[in-house]
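Have a look at the structure below, then the notes.
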Amino acid sequence: MRFFTAIKTAFSSYSEALAFINTHKMYRYFLWPIVMHIVLFLLGFSGVSYLTDTTIEFLKSFVAENPDAWYNSEILTGVLAVTLWIFLRIFFFIAFAYVGGYVVLLLLSPILSIVAANTSENITGTKIPFQMGQFLNDILRGLSMAVRNFLYQLVITLALLIIGFIPVLGWLSPILLFGVSSYFYGFSFIDYGLESKQLNYGQSVRFVQQNKTLSIGIGLPYVILLLIPFIGLILAGFFAIVSAVSATIAIHKKEYISQLPQ
């Protein structure tokens, strides 16, 4: 019964988050994902284009030095160039699809810290004084938590992929992978809310470990979004803002706020 209650709380927090953002005029935070995505894709494609051009030039020079060893060397070079151009761009999208969610969390860490603090202030009515030292610590904490969760998720994912080759158990592997991704993404979002409540790193870890289902429920919509080709990556930054707000709303509900150190 507690499982379904936690999932219901997580999902209802998302609908509340959308209304909350509208009520408190928090639209300005969505400007940061726009800037982030523009910069990220420009840098990504510039890097891929540079790598493609460099590799193609190497192939051309290699074939030119050994023209007799290659039949129709000019045609071969052209085919390889087109194939490489397509492959590297596909690889870029696949790689970003896998780690893109955490790239978004890392780049938006300062904004998500501010969003969670602003949400907490509006819920409690208590103003949190801005301190540059604390703000920088919060950013480092968010970054370290995202890296921690990514590494844990990576290790568990590799283990589940190996299990996937075992008959019968292999059927469970995709479901478990989905749950693991949801848990760790939810973990990161909840931590921003706990950070605004002045919980330290260890206290945050213990809280999430005691409320795994809530973490899965908070991370689930984000993971589903990331599974949508292309569109998911474009919207991930915007949705991360909503997820941070919903996670902060969830931990302020009575069944969870009572678990926090006073």
Inset, instruction - State whether the residues of region 26-39 include one that is assigned to a helix (DSSP H, G or I) and among the basic types (Lys, Arg). - result: yes
Legend entry - Conditions (1) part of a helix (DSSP H, G or I); (2) in contact (Cβ under 8 Å) with a residue 12 or more places away in the chain; (3) over 24 Å from VAL115 (Cβ atoms): number failed by PRO229: (1)
Legend entry - Matching residues in region 1-59 - criterion: being basic (Lys, Arg) and farther than 27 Å from VAL223 by Cβ: LYS25
Inset, instruction - Identify, from the list PHE207, PHE239, the residue that is closer than 29 Å to GLN131 by Cα, of a type outside the set (D, E, K, R) and under 20 Å from the mean Cα position of the chain (by Cα). - result: PHE239
Inset, instruction - Would you check which residues across region 118-133 are part of a helix (DSSP H, G or I) and either at pLDDT 85 or above or under 15 Å from GLY193 (Cα atoms) (or both) and list them? - result: ASN118, THR119, SER120, GLU121, ASN122, ILE123, THR124
Legend entry - Residue check, PHE184 of a type in the set (Phe, Trp, Tyr), under 27 Å from GLY125 (Cβ atoms) and surrounded by 19 or more Cβ atoms within 10 Å (Cβ to Cβ): no
Legend entry - Residue that is nearest to the chain's Cα centre (by Cα), among those in region 163-180 that are part of a helix (DSSP H, G or I) and small (Gly, Ala, Ser): GLY179
Legend entry - Answer residue from region 241-262, given it is at pLDDT below 90 and part of a helix (DSSP H, G or I) and is surrounded by the most Cβ atoms within 10 Å (Cβ to Cβ) among those: TYR256
Legend entry - Residues that are of a type in the set (Ser, Thr, Tyr) and either within 17 Å of the chain's Cα centre (by Cα) or surrounded by fewer than 18 Cβ atoms within 10 Å (Cβ to Cβ) (or both), drawn from region 113-162: SER113, THR124, THR126, SER144, TYR152, THR157
Legend entry - Residue match in region 42-50 (condition: touching an Asp or Glu at 6+ places or on another chain (Cβ under 9 Å) and modelled with pLDDT under 80): no
Inset, instruction - Name the single residue, out of those in region 202-261 being of a type in the set (Ser, Thr, Tyr) and in contact with a Gly (Cβ under 6 Å, 6 or more places away or on another chain), that is nearest to MET145 (Cα to Cα). - result: SER215
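The values are calculated or read from the model by the stated rules, or taken from the named source; none is laboratory data. Please read all numbers here as calculations on a predicted model, not as lab measurements. Cβ coordinates were reconstructed from backbone atoms using ideal geometry, including for glycine residues, and neighbour counts include every protein chain displayed.
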